[in-house]
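Just so you know, all these numbers are worked out from the coordinates, no wet-lab data involved. Model, not experiment: these values are computed from the prediction. Cβ placement follows ideal geometry from the backbone for every residue including glycine, while neighbour counts extend to all protein chains displayed.
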Amino acid sequence: MADLLEVPVVLNTERQIIHVDMDAFYAQVEMREHPEYRNEILIIGSDPRKNGGRGVVATANYAARRLGVHSAMSSNEALKLAPDAHFVQPDFKLYKTVSKQVHVIFHRYTDLVEPVAFDEAYLDVTGHQLDFSSSVELAHHLQQTIYEELKLTSSVGVSFNKFLAKLASEHNKPEGFTFVGSSDVRIFLDALPIEDVRGVGKKTLPVMHQLGIYTGRDLFAQKQTDLASHFGKLGYDLYLRIRGVDDRQVQGNRQRKSLGNERTYGPPLDNEEEILDALRELAIRLQQDLIQAHFHCKTIVLKMRDDDFKTETRRITETDFIMNQVDILYNLALDLWEEIGGYQQPIRLLGLTAQNLAPVNFDEITLDLYGE
Ligand SMILES: [Mg+2]
């Protein structure tokens, strides 16, 4: 009778999903910025010797991890494990900037990018492997590009759903690359320690062990009804997951709405010339962002905030796509600046943004890059 309740398992292997996880991201960024840290045991977090023993580890490099240091551990505990460690205050502004650069690269491959954290994202590249012979080759190219352009390593998992892609990226860190195809699912999941299965946490793990479930293979052998009676909804999910089934979609911003930058100025810009220089700089950055993201736009938006914190925005929309050229973007910014009324008082913030975006095909990008 119980078998009647079993949901038929359908393995949808159509999609091509990539999970990218930057290796020890904050630590790696610090090591890139500060070569002197490269041979150190590095912990990102406040030094317990300097703040009376408080603080937690944000992340640690692999030299520290080998000593047992991990994120969310108290800095004190980390210091006991790694007395020679060098502690660095996290610089989240920097990590966010670098994370943005990583995401610009992701978006060259697909619009369906779901950020999970600063250093982690899912990409649905189904149908995007056009220039590549397979999603594996695309993923390889992506991992290589991140390294070449940002000098940062990542671990990449490729499969046909999010559950498997994430497990794949975790399989062989750092600098890992793991593909799990439909014929690999059983071997891959059977060997998995049960605590590595998403959803099995501190509460469920002891119950799993009581039931004699230690590996994916043990979980696979369970009846769905038994798992449901012990773990409720999670039991149903685990029954499907351990069969390689996961129909969750990659939740990406399908349509990218805008691209651009704003800058605050301290001290405020207090003459026309400085402002025009700043606008040119924003136009240069916008052009770079557009080219990197393979987009062009029809609308340019100028935002400014003056010394009294009064904010104004002006926009201009063209009927045709605007060429990704600095002079063109700069001249549009100038038009908008004049529309606002030019210099009247010091300026604290300027922003230049592109909207009404559309992807540019490859020929046009080449033209823009070399046409100037
Ligand atoms: Mg990571």
Checklist outcome for this item: Correct semi-axes for the stretch 25-90, from √(5λ) of the alpha-carbon gyration tensor and rounded to whole Å with the largest first, are 17, 12, 10
Checklist entry - How many nm separate the modelled label positions at Glu36 and Asn271, each set 7 Å beyond the Cα in the direction of the Cβ? => result 3.8
Checklist outcome for this item: About its Cα centre, the chain carries a charge dipole, from +1 on Lys and Arg Cβ atoms and -1 on Asp and Glu Cβ atoms, whose size in debye to the nearest 20 is 1720
Checklist entry - Can you list the residues, at least 5 places off or on another chain, whose amide H is less than 5 Å from the amide H of His86, using H built in the peptide plane? => result Ile41, Leu42, Ile43
Checklist entry - Using 0.36 nm per residue, how much length does the chain from Val207 to Glu338 gain when fully extended, once their Cα-Cα distance is taken away? => result 40.3 nm
Next on the checklist: Report the Cα centroid-to-centroid distance between the stretch 13-74 and the stretch 79-106 in angstrom, as an integer.
Outcome noted: 6
Next on the checklist: Going by amide H atoms built from the backbone, whose H comes under 5 Å of the H on Leu349, apart from near neighbours?
Outcome noted: Tyr265, Arg305
Next on the checklist: Can you order the peptides 323-335, 22-34 by their average number of other Cβ atoms within 10 Å per residue, highest first?
Outcome noted: 22-34, 323-335
Next on the checklist: With unit charges on the beta carbons (Lys and Arg positive, Asp and Glu negative) and the dipole taken about the Cα centre of the stretch 58-99, which residue among Gly68, Thr97, Ala82 sits farthest to the positive side?
Outcome noted: Thr97
Item to check | Inter-centroid distance (Cα atoms) of the stretch 303-351 relative to the stretch 222-268, Å | outcome: 39
Checklist outcome for this item: Here, Asp226 and Lys310, labelled 7 Å along Cα→Cβ, have an inter-label distance in nm of 7.4
Checklist entry - Taking the Cα-to-Cβ direction at His140 and at Glu195 and moving 7 Å from each Cα, how far apart do the two end points lie in nm? => result 3.5
Checklist outcome for this item: With a ≥ b ≥ c from the Cα gyration tensor eigenvalues, square-rooted, and the rule rounded for a/c under 1.5, otherwise prolate when a/b > b/c and oblate otherwise, the stretch 116-256 is prolate
